[in-house]
Amino acid sequence: MAKKNLGFDASQLKQFCDIYHQVPVFDEYGSVSGMDWELVFSTRCKRNIKTKTSQSNTVGGSFDFYQVYEFIIRDDPRYTIEKDMEVRSDSGVFVVRGVAPLENNPNYILIITETKK
């Protein structure tokens, strides 16, 4: 069987990012008193800002395309990344707007985010 070129090298994952999701906070009576962010996992990542040309080709929801960032991370079946989770990287906070397998390597995921307002 011939070795397949997967087109993405793990050495490109030079930054670190933390993935968070919201959890309810309970008071001493057992009722929900608010929401807080809980760390799901930390991983190495590659962060890209989308260019105007690639932004105009994106089909999606109604969010500001000028603040779109893509994160590439290794896929881990123990965790599921969902819309509205947070990615924190290099003192920036980004809201997840979409997740897809990386088209040239299924071992990695592409996370599309926008900066948190």
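Where a number appears in this text, it was derived from the coordinates with a stated rule and is not lab data. For clarity, every value in this text was computed on a predicted model and none was experimentally measured. With ideal geometry, Cβ positions are generated from the backbone for all residues, glycine too; neighbour counts draw on all protein chains shown.
Taking neighbour counts of Cβ atoms within 10 Å as a proxy for exposure, in what order, fewest first, do Arg44, Arg88, Arg78 appear?
Values: Arg44 14, Arg88 17, Arg78 6.
Ordered from fewest to most neighbouring Cβ atoms within 10 Å, Arg44, Arg88, Arg78 come out as Arg78, Arg44, Arg88.
Starting at the first residue of region 99-108, write each ³J(HN,Hα) from the Karplus equation 6.51 cos²θ - 1.76 cosθ + 1.60 with θ = phi - 60°, in whole Hz, x for Gly and Pro.
9, 8, x, 5, 5, 9, 6, x, 7, 10
So what are the ³J(HN,Hα) numbers for region 10-18, from phi and the Karplus equation (6.51, -1.76, 1.60; θ = phi - 60°), rounded to whole Hz, Gly and Pro as x?
Whole-Hz 3J(HN,Hα) from phi for region 10-18: 4, 5, 6, 7, 9, 9, 10, 9, 10.
Points 7 angstrom from Cα along the Cβ direction at Gln12 and Asp36: gap in nanometres?
Placing both labels 7 Å along Cα→Cβ, they lie 3.8 nm apart.
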